[in-house]
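To keep things clear, I will list the structure first and then write my remarks on it.
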Amino acid sequence: MNSMIYKLMFVILMVVLPGFGFNTPTEYKSQISSAVPYNLDFRSGVPDAMNKINIFDNITGSFKTLNADSLPIFPGYPQQISGSTFEGGIFCNMDNDPILEIVYNIGYTVQAFNPDGTTVPGWPKTVPSYALDGAPAFGDIDGDGFGEIIVTNHGLTSGGFIYAFKRDGTPVTGFPINHGYSSRTPVLSDINNDNKCEIIVNKRIYPVGEVWIYKGDGTPLTGWPKAITHVPASSSAVGDIDGDGLKEIISESYTGLFAWKANGDSIPGFPFMMPNTDVNSYSSPVLSDVDGDGFREIIFGTHVSGGGGYVYILKKNGTILTGWPKATGNWVYGPPAVGYIDNDNILDIAVGDQVLSGTPVDYLYAWNKNGTALTGFPVGPLNAINAQIVLADIDNDNNTELICDDNTQTAGKGKFLAFNHDGTPCVNWPIETIGTTMFVTPCIADINRDNQLDIIGAGITGSGSSAATNVYIWNAGVPYNPLKIQIPIWQYNARHTGVYGEVEIVGVNNPIVNIPAGIELSQNYPNPFNPGTKISYSLDKSSYINLSVYDISGKLITVLDAGYRQPGKYEKNFEEKGLTSGIYFYRLLTESESFTKTMLYIK
């Protein structure tokens, strides 16, 4: 396609209001269109010699000039709200239509926006006393089948609350909790297998701290809190690391990394105390079976007073994986990004480092699981990267791109950066924001369900009482394929569990089996089963895949397999761990197809 055709296509996309395509369900299309706050009339259909487009706004009666090399912004955005934000927002479904909503903690408010920029009914919510900390979390804490929004705040040295709101903005019974100083983002996970998410938070009691788990009624889970030997450093990660089918809680203090069973029992080999005079801050752990031994490892970043940092991979017994840690030039603040980057079917790990500097001195690093740097990495020098790297195919080239924040501003404008799997800069990037993107992890989703990829992000201007956050949605202009998105949101999902591959798939009710030639999802054997069964699938071409098990309501039970797979036959074991008798679904998603089958567990 020549450049002129590309530019004309860009104009066409802009004219039809990017983000609101023909695939939007009919019953919502008129509702969305009527809410668009302005109408753009393209008087100049072809970009000029500098690739700029002249646009006339019929509502304001004024012209606007945009760069055709940048991604188009959704009408109604940016939304500017007083206050600052960090760690990013989330996307979730806050009502009964298929369109998703965006939620951000900004200053003292929890903001919720529709894709057209209007506010979700019942929102925003304002909290007293202290500004909100980290990102919101979304999950079902009371067992009613619908997610709730969980946020925390804290004072300068002590004091703070945990808030829980229904989707309509009403408080959940038992909240707020007068918890004390909890830093960073709350994490939600079903710890005790009661089909309700618990809330995992930390508590700073200088010079030490605690890790707490609350039930959905606001009371502490039996066996908690657990003490840590220094102040809390980050949000926790929650997932099964020892293969027993039960979840463990992985938490950081400033000087060490702790791991407990769900009942609060310590795990042998922990706490792990860093051996290189390094400490933890903000780089929340990520859990993934990096070495393929059937057990998840713990991946996290650190920093050294005076300069430098490390990225560690720990096995389930607290020992360091061979080839690790890897050193960085400066401090690591963002959680590691674990996924498939360079298409060799070997898991990779990416982080950025950061230091306060007047010139670019930082780098974007990427290694494979063996600790070998990927071709083209590290990328730099760059300005500081503070947030988690997002991994996704954002240009539909079947390769993974890396999207990151940047802590600078030029003439009041900040930016998100994007790099190809080989470290080269992406076309049409960076994308600009009003204010810096520092500490903001963008989101990748199809917000308005038009089968087009959308990118959500924010820029922050000022500080303290003069701070303001500008929330954006961009249309990437390529088809949406969830299997090409490995990290769509801070810590992998809206519950922020930090588990690689743990991304919920909405709507598994009334499954339809459709098996095209060459790709096959086999019936599990044995079926019915107790306690275990085998699930096989075949691929006739390379593809990103996701093989997951769900209960009859569509709730995710576990991810059996996820990532980039070569052609061949694959078999995975699924074993009952605390399930009740009944029907379960297992679903295989490839880049082009979806297959679902049922199986029966009998106690």
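Here are a few things to note about the model shown:
- Within-13-Å neighbourhood charge of Asp240 [Cβ basis; K, R +1; D, E -1]: -3
- Radius 11 Å from Cβ of Pro378, net charge of other residues (Lys, Arg +1; Asp, Glu -1): -1
- 16 Å Cα-Cα reach of Lys569 towards aspartates and glutamates, excluding residues that sit fewer than 8 places from it in its own chain: Glu520, Asp540, Asp561
- 26 Å Cα-Cα threshold exceeded, pairs from Lys247/Lys541; Lys541/Lys572; Lys369/Lys415; Lys316/Lys541; Lys315/Lys415: Lys247/Lys541; Lys369/Lys415; Lys316/Lys541; Lys315/Lys415
- Percent of Cα-Cα distances greater than 20 Å, calculated over segment 357-479: 45 percent
- Solvent-accessible area of Ser536, all protein chains in place: 20 Å² (probe radius 1.4 Å, heavy atoms, ligands and nucleic acids excluded).
- Reciprocal mean inverse distance between Cα atoms of segment 95-198 - Kirkwood radius, Å: 14.2 Å
- Expected 222 nm ellipticity per residue - DSSP helices of 4 or more, -39500 (n - 2.57), all of the chain, to 500: -1000 deg cm²/dmol
- Cβ-placed point charges (K, R +1; D, E -1), dipole of segment 139-254 about Cα centre in debye, nearest 20: 540 debye
- FRET efficiency for the Lys555 to Thr424 pair, using the beta carbon distance and R₀ = 41 Å, is estimated at 0.50.
- Option label - mean projected area of the Cα convex hull in nm² computed here, alternatives (i) 26.3; (ii) 30.2; (iii) 42.5: (i)
- For the pair Thr229 and Asn396, label points projected 7 Å from Cα toward Cβ lie 5.4 nm apart.
- Taken about its Cα centre, the chain carries a charge dipole of roughly 500 debye when the Cβ of each Lys and Arg holds +1 and the Cβ of each Asp and Glu holds -1.
- Relative protection proxy for 82-88, 372-378, from highest mean packing down: 82-88, 372-378 (other beta-carbon atoms within 10 angstrom).
- Inter-part distance, segment 537-573 to segment 403-476, computed on C-alpha centroids, equals 31 Å.
- Three-way shape call for segment 292-450 based on the alpha-carbon gyration tensor, with the a/c threshold at 1.5: oblate
- Segment 208-279: C-alpha gyration tensor shape, a/c 1.5 cut-off, then a/b vs b/c: oblate
- Segment 295-368 and segment 151-171: distance between their alpha carbon centers, rounded to Å: 31 Å
- Over segment 161-233: Kirkwood hydrodynamic radius from C-alpha pairwise inverse distances, Å: 12.8 Å
The values are calculated or read from the model by the stated rules, or taken from the named source; none is laboratory data. In this text the structure is predicted, and so the values were computed from the model without any measurement. All Cβ positions, even for glycine, are placed from backbone atoms using ideal geometry, and neighbour counts span all protein chains on display. Surface accessibility is based on the protein's heavy atoms, side chains included, excluding ligands, DNA and RNA. Shrake-Rupley method; radii C 1.70, N 1.55, O 1.52, S 1.80 Å.
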